[in-house]
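K.L.:
After the structure tokens below, expect a handful of questions from me.
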Amino acid sequence: MSIQLTRSKALAFSLPALIAILPFLGACFFIFRFSISGEPSRIEGFSIQPYLDLMTPYFGRSVWLTLRLAFIATLLAMVMAVPLAFLLTNLRSRFARRSLTIVILLPLILNLLVQAYGWILLLGPSGVLNSTLRSLGIIERPIFLLFNETGVLLGLVQTSLPLAVFPIVSSVRGISREHLEAASSLGASHWRTFFDVTVPLLRPGLFGAASIVFAFNASAFAIPLLLGGRRVQMMGIAIRDMISPLFNWSGAAAAGMILIFVTLIVLLFSAWLARMTSEKVEH
Amino acid sequence: MPAIVRAAGQQPLAGKELRLLTWSDNTGLAILDHIAKPFEEATGARVIADRTGSTSEMVAKLRAAGDRPQYDVITLAGVGAVELAGDGLLAQPDLNRLPNLEQVDPRFRTGADGHGIGYLLWTGGLIYNTKTFAEPPKSYAEMWDASRQNRLFLPPSTWTDALDTIFATGKMLGGDGTNADEAFAKLAELRDSILTFGENPAQISELFRSDALDIGGVYAPAFYADELKDPANSNMGATYDIDEGFFADLMYTIVPKAKPGDDDVVHAFIDYTLDANVQGKMAEAVLNGPINQNAVMSDGAKASPFIIKPEQMGDAAVVHNKAFVADVREDWITRYTQTLA
């Protein structure tokens, strides 16, 4: 059974959500306006100087680092999310399914600070891993998986995994058994069925999940701050440093606009790729 | 007990409130324990404390508030007082209402054109690993030693200690510390040696304890009063005996021009920070140098090499020209971040 809503009713029901989004759109507008302000600490006049000031090797490195870490973290999260999504949809025990769902959701439920300190307790210089390796006589001085890009990647993958799993779960549930049975009855092996039938049908869901995870990771702030030891200058950190202590609001706004723009480009490319590949499948 | 409080009888400021902004680290905690709390008990006033990371953040907060500040009193590094005074955001406390000021070394009574009242001396040198160094390092050049690869920490860009580090590098290269271009070129060589920036002093302590760090600076021993007493477990040592000198900065107490609170309680609080007992307690708790010449300290604290008393400053102490530092601060913070991150 499906519930059909007229356009006017749908609009009426959506009104609270639209109103809730308005302040965000307003904030985006002011960030844009600040980014072209003639004064660094207040909105006054017009200038593209805040953007020109960002044309430095340092900011270029920060953009590149942000894109690279967000991309790698997205790739890793997706590789882990696909089997998890299949497992979740194939579990017959309701208890097991709910338990696994809660475990996957935990990174969304737990405070980021708590998660970061969890990593420090595990992988920090006096953490479980280093203590164990030391007590076994394997190392003399601690090995470092935190306070560098590795630490930030671990944190990004962990925190974004649930965002990857659940859209894929929806796509997996949407795959008709008839397609798989037809492939099987025509003699296709399990792997052939997976790559020629399952993956193409999953593709829109995969691209959708990857887009959300990428956008989430590209705008990360707490994880690079806590697990990067202030050495991994992703754009979130660079923007924060411009606001305090430099008080360069227009520069921070310009950097924020660049982050939004770059993320949008990646999302649009992802959507285009999903559409193109879907059209191929349909043909 | 300060004279202003004694003179006014018991609980003279009962019912009044004072909004204090101070640091979020252990030095801020010491202010709450050794200044704010006993002040409340002595006067009946209530101190509402807010704590933040660094002087730069305090400056940013006060600038953002403009003519509607949330705070009555702020303790911060000298350069912050000079910048805010330059912005016209500070009031000049009435020195006649600060009787304890008479006991303060005349060099450290006021600053920032009378807008800052001396508070304590913040001193910075090198922090080192006692396992790695049999003797304390004698030069900042130790940080450039190839064996420190990935075992070095530096202060974060937002701290005034980062400005000291730039100065120290310049002096190490033979300049007077203001030779910033040379210093930044030299600092760039450290980029791949840095394990972390010391934004979290507790984390730095943990890294020394686990033998993950060899050396770092310019950094204040003030964070490590307990660790420095027990180097066998903490692996931590600190030294001011450095060829290029150590850094001493007079911290100030300032009062925003349009503060929300009462003048009496503000002056009573500032005077209380200068009390001989309070200064002694703060010196012992966080190794800050007392500026009250009669500061009451234990024999151990008097003999401590980590608490610099005004009479010990001598030629080795590098005291910045605050106007110069205020002038270059933003540029140097940006360059420090861009050079090392």
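K.L.:
Neighbour counts of other C-beta atoms within 10 Å: give me A:Tyr58, B:Tyr336 arranged from fewest to most.
P.N.:
On the way: A:Tyr58 16, B:Tyr336 25.
Starting with the residue having the fewest Cβ neighbours, the order is A:Tyr58, B:Tyr336.
K.L.:
Filter the trypsin sites (Lys or Arg not before Pro) in region A:87-159 down to the DSSP loop ones having no more than 12 other Cβ atoms within 10 Å, then list what survives.
P.N.:
For trypsin sites (Lys or Arg not before Pro) across region A:87-159 that sit outside H, G, I, E and B with at most 12 neighbouring Cβ atoms in 10 Å, the list reads A:Arg92.
K.L.:
Let me check against my output: what whole-number percent is the relative contact order of region A:59-282, with C-alpha pairs under 8 Å and at least 6 apart? Walk me through the numbers on the way to the answer.
P.N.:
Values: 245 pairs, mean separation 63.2, N = 224.
Rounded, it is 28 percent for region A:59-282.
K.L.:
Just to be sure I understand the model, the point goes 7 Å from the Cα along the line to the Cβ. What's the resulting B:Asp192 to A:Ser135 distance in nm?
P.N.:
Placing both labels 7 Å beyond Cα along the Cβ direction yields 3.6 nm.
K.L.:
Still on this model: Which helices, counted as full DSSP H runs in chain A, have an axial Cα extent of no less than 24 Å and a Kyte-Doolittle average of 0.5 or above?
P.N.:
Passing helices, by number: A:7-35, A:57-90, A:149-173, A:199-218, A:249-282.
K.L.:
Now a separate question. Of the listed pairs B:Lys61/B:Lys322; B:Lys186/B:Lys229; B:Lys61/B:Lys186; B:Lys138/B:Lys229; B:Lys259/B:Lys309, which have alpha-carbon separations greater than 28 Å here?
P.N.:
Checking Cα-Cα distances, B:Lys186/B:Lys229; B:Lys61/B:Lys186; B:Lys259/B:Lys309 exceed 28 Å.
K.L.:
Tell me which of A:Val152, A:Thr132, A:Gly251 sits at the most positive position along the dipole axis of region A:59-282, charges placed on C-beta atoms (Lys, Arg +1; Asp, Glu -1).
P.N.:
It is A:Thr132, whose Cα lies furthest towards the positive end.
K.L.:
Quick check for me: using +1 on Lys/Arg Cβ and -1 on Asp/Glu Cβ, what's the dipole size of region A:151-283 about its Cα centre, in debye to the nearest 20?
P.N.:
The calculation lands at about 300 debye.
K.L.:
Another question, if that's okay. Taking Cα atoms, how many degrees apart are the long axis of helix B:55-65 and the longest axis of chain B, rounded to 10 and kept between 0 and 90?
P.N.:
Helix B:55-65 and the main axis of chain B meet at about 50 degrees.
K.L.:
So, one more: On the Cα set of region A:1-148, report Rg and Dmax in Å, please.
P.N.:
When restricted to the Cα atoms of region A:1-148, Rg and Dmax are 24.4, 71 Å.
K.L.:
For chain A, which span is the longest to avoid every loop-located (per DSSP) member of GluC sites (Glu not before Pro) having at most 14 other Cβ atoms inside 10 Å?
P.N.:
A:141-283
K.L.:
Taking θ = phi - 60°, what integer Hz values does the Karplus form 6.51 cos²θ - 1.76 cosθ + 1.60 yield along region B:245-262, in sequence order, with x for Gly and Pro?
P.N.:
Karplus values, whole Hz, x for Gly and Pro: x, 10, 10, 10, 10, 6, 7, 10, 9, 10, 10, x, 4, 9, 4, x, x, 8.
K.L.:
Would you compute, from DSSP H runs of 4+ residues alone, the mean residue ellipticity of chain B at 222 nm, taking -39500 (n - 2.57) per run and dividing by the full residue count, rounded to the nearest 500?
P.N.:
On the way: 14 runs with 124 residues, N = 341.
About -10000 deg cm²/dmol.
K.L.:
Whole-Hz Karplus ³J(HN,Hα) for region B:237-244, in order, using 6.51 cos²θ - 1.76 cosθ + 1.60 and θ = phi - 60°, x for Gly and Pro?
P.N.:
Running phi through 6.51 cos²θ - 1.76 cosθ + 1.60 with θ = phi - 60° gives x, 9, 9, 10, 7, 10, 3, 7 Hz.
K.L.:
Something else: Could you line up A:Thr56, A:Thr89, A:Thr74, B:Thr253 from fewest to most neighbouring Cβ atoms inside 10 Å?
P.N.:
Least to most surrounded, the residues fall as A:Thr56, A:Thr89, B:Thr253, A:Thr74.
K.L.:
For the residues A:Leu129, A:Leu225, B:Leu76, what sequence is obtained by ranking on other C-beta atoms within 10 Å, fewest first? Walk me through the numbers on the way to the answer.
P.N.:
Details: A:Leu129 16, A:Leu225 20, B:Leu76 28.
Listed from fewest to most nearby Cβ atoms, that is A:Leu129, A:Leu225, B:Leu76.
K.L.:
Roughly how tilted is helix B:263-273, in degrees to the nearest 10 and between 0 and 90, from the longest Cα axis of chain B?
P.N.:
Tilt of helix B:263-273: around 50 degrees.
K.L.:
Translational diffusion coefficient of region B:1-114 at 25 °C, 0.890 mPa s, Stokes-Einstein with Kirkwood Rh over Cα pairs, in µm²/s as a whole number.
P.N.:
Taking Rh from Cα pairs, D becomes 159 µm²/s.
K.L.:
Now for a separate question. Tell me, what HN-Hα J-couplings in whole Hz come from the Karplus equation 6.51 cos²θ - 1.76 cosθ + 1.60 at θ = phi - 60° for each residue of region B:300-316, using x for Gly and Pro?
P.N.:
Per residue, the Karplus-derived 3J(HN,Hα) values read x, 5, 5, 8, 4, x, 8, 9, 8, 8, x, 6, 8, 4, x, 6, 6 Hz.
K.L.:
A:Phe269 label point, 7 Å along Cα→Cβ, cut-off 11 Å on backbone N: hits in region A:69-94?
P.N.:
Hits in region A:69-94 for A:Phe269 at 11 Å: A:71.
K.L.:
Can you give the % of DSSP beta bridges in the protein assembly as shown that are antiparallel, to the nearest 5? Can you show the working numbers first?
P.N.:
On the way: 24 of 40 bridges.
The antiparallel proportion sits near 60 percent.
K.L.:
Around B:Ala91, which amide H atoms from residues at least 5 apart in sequence, or from another chain, sit under 5 Å from its own amide H, with H modelled in the peptide plane?
P.N.:
Those qualifying (amide H under 5 Å, at least 5 residues apart or on another chain) are B:Val255, B:Lys257.
K.L.:
With the crude spin-label approximation of a point 7 Å out along Cα→Cβ, what separation in nm comes out for A:Thr277 versus B:Gln70?
P.N.:
4.8
K.L.:
Evaluate the distance, in nm, between pseudo-label points positioned 7 Å from the Cα of B:Asp94 and of A:Trp64 along their respective Cα→Cβ axes.
P.N.:
Placing both labels 7 Å beyond Cα along the Cβ direction yields 6.2 nm.
K.L.:
For B:Lys16, give me every one of the aspartates and glutamates with a C-alpha distance below 13 angstrom, ignoring sequence neighbours fewer than eight places off in its own chain.
P.N.:
B:Glu40, B:Glu41, B:Asp72, B:Asp262, B:Asp263, B:Asp264
K.L.:
Largest first and in whole Å, what are the equivalent-ellipsoid semi-axes of the protein assembly as shown based on the Cα gyration tensor, each being the root of 5 times an eigenvalue?
P.N.:
52, 30, 24
K.L.:
What span do the alpha-carbon atoms of chain A cover on each of the three principal axes, reported in whole Å from largest to smallest?
P.N.:
Computed over chain A, the largest-to-smallest principal extents equal 69, 68, 34 Å.
K.L.:
With charges only on Cβ, +1 for K and R and -1 for D and E, what is the dipole size of region B:69-135 about its Cα centre, in debye, rounded to 20?
P.N.:
Once rounded to the nearest 20, the dipole reads 220 debye.
K.L.:
Just from the alpha-carbon atoms, what are the Rg and Dmax of region A:1-55 in angstroms?
P.N.:
19.2, 58
Values quoted throughout were computed directly from the atomic coordinates according to the rules given, and no laboratory measurement underlies them. Everything numeric in this text was worked out from a predicted model, so none of it was measured. Neighbour counts run over all protein chains shown; Cβ positions are idealised from the backbone, glycine included.
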